[in-house]
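Colleague: A single structure is presented below for examination.
The values are calculated or read from the model by the stated rules, or taken from the named source; none is laboratory data. Not measured: the values here are computed from a predicted model. With ideal geometry, Cβ positions are generated from the backbone for all residues, glycine too; neighbour counts draw on all protein chains shown.
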Amino acid sequence: MKKLRLQIVCATLLVATAVTVCASTVLAQSPSPAELKQKVDAFLRNLFAFGPEVKLAVGDFKETGIPGLLETEIALTTGENKENAKMWVSKDGKFLLRGELNDMSKNVLAENRSKLDLKNAPATGNPNASVTVVEFADFECPVCRNLHEVIRGLLPKYPQVQLVFKDFPIEQLHPWARTGALAGRCAYEQDPKAFWKMYDSLYDNQDLISAANAWDKVVDYAGQSGLKTDTFKACMISKEAASAVEANIANAKLMDVTSTPTVFVNGRRIVGADPHQLEQFLQYEIQQTGAKKK
């Protein structure tokens, strides 16, 4: 009889108390945060066949502003390798969403551009460019080296473009990535133009560099770039250089960058080194700028 009464109350939407009872019933069916974490953990472990050697941590849930949808950060650790991914889960524990969530009521590209900190960052190309390409990269990352080749071939074709570099060394995967990032920063501090020589040297000789010889290699490249090696060495161990790299990492996290390379073309995100997508974005932005001038 109680069950029947509840059904009648929920069906009678004209009665104010009915809405309260229905809402309470739905809330009672939603799992607690702890239960929801356990459910997400179990689902992901089963979906991707993670064994006990994989540590999986489901972060605290945050409100998204979308009714019934929560945001969380998934942290995976396998040995020394770590990876973070943002996911969304429904409050009732029925749905899990991976990928990128966009609010179509906002200008996402403008928001991205406003969050990119380009002050005191190495830049090459047209300083009055209509198109800005911001590259978040890791000098030990093989895909970043592929992107380097792509960009080196594309930039001469597009005088309307400026390239800005931002460090995002992923030390869990790449043992000499931070040394490379510091080398780039110290080259830039001594001579902004020398940064791009260091940039080329690190990517072009990536296979010759190891954690054991990285220091000697970057000092050698600094000398080849015309830098004062004593000044360069002092910079490499300075707090200022380390802070500059950390600031780039913080900016990458603000932009939800989780892998390298990640590129922003006037705010449009590209993950990876797809030359066709990059050129498509460049051409589109150049055409848009031309149309606005008419």
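Colleague: Find the strands (runs of 3 or more DSSP E) located wholly in segment 66-128 whose residues include 3 or more that are in contact (Cβ under 8 Å) with a residue 60 or more places away in the chain, and list them.
Modeller: Numbers: elements: 69-78, 81-90, 96-98, 123-125.
It comes to 81-90.
Colleague: May I ask you to verify whether Gln162 is touching a strand residue (DSSP E or B) at 6+ places or on another chain (Cβ under 6 Å), under 20 Å from Thr262 (Cα atoms) and in a loop (DSSP other than H, G, I, E, B)?
Modeller: No; evaluated as a whole, the condition is false for this residue.
Colleague: Every residue in segment 137-163 that is surrounded by 18 or more Cβ atoms within 10 Å (Cβ to Cβ) and within 17 Å of the chain's Cα centre (by Cα), please.
Modeller: Ala137, Asp138, Phe139, Glu140, Cys141, Cys144, Leu147, listed by residue number.
Colleague: Step by step: first the residues of segment 96-118, then only those that are under 20 Å from Glu63 (Cβ atoms) and in contact with a strand residue (DSSP E or B) (Cβ under 7 Å, 6 or more places away or on another chain), then the one that is surrounded by the fewest Cβ atoms within 10 Å (Cβ to Cβ). Which residue is that?
Modeller: To start, the set of residues in segment 96-118 that are under 20 Å from Glu63 (Cβ atoms) comprises 96-106, 108, 111.
With the extra rule that they be in contact with a strand residue (DSSP E or B) (Cβ under 7 Å, 6 or more places away or on another chain), the set shrinks to 96-98, 101.
Working: Leu96: 16, Leu97: 13, Arg98: 11, Leu101: 13.
Looking at residues that are under 20 Å from Glu63 (Cβ atoms) and in contact with a strand residue (DSSP E or B) (Cβ under 7 Å, 6 or more places away or on another chain), I get Arg98.
Colleague: Out of the residues in segment 75-89 that are of a type outside the set (A, V, I, L, M, F, W, C) and surrounded by fewer than 16 Cβ atoms within 10 Å (Cβ to Cβ), state the one that is modelled with the highest pLDDT. Outline the logic, then answer.
Modeller: So in segment 75-89, the residues of a type outside the set (A, V, I, L, M, F, W, C) come out as 77-84, 86.
Those still in the list that are surrounded by fewer than 16 Cβ atoms within 10 Å (Cβ to Cβ) too: 77-84.
On the way: Thr77: 86, Thr78: 80, Gly79: 78, Glu80: 68, Asn81: 71, Lys82: 74, Glu83: 77, Asn84: 80.
So, considering only residues that are of a type outside the set (A, V, I, L, M, F, W, C) and surrounded by fewer than 16 Cβ atoms within 10 Å (Cβ to Cβ), the one modelled with the highest pLDDT is Thr77.
Colleague: Kindly evaluate Glu189 against the criterion of being of a type in the set (D, E, K, R) and closer than 30 Å to Ala85 by Cα.
Modeller: Answer is no for this residue.
Colleague: Look at segment 129-159 and say how many of its residues are within 21 Å of Gln287 (Cα to Cα) and in a loop (DSSP other than H, G, I, E, B).
Modeller: 4
Colleague: For Thr72, all conditions in the list (1) out of contact with any Phe, Trp or Tyr (no Cβ under 9 Å at 6 or more places or on another chain); (2) modelled with pLDDT of 90 or more; (3) closer than 30 Å to Val133 by Cα hold save one; what is the number of the exception?
Modeller: (1)
Colleague: Please specify each residue of segment 119-136 satisfying the condition of being surrounded by fewer than 19 Cβ atoms within 10 Å (Cβ to Cβ) and among the charged types (D, E, K, R).
Modeller: Lys119
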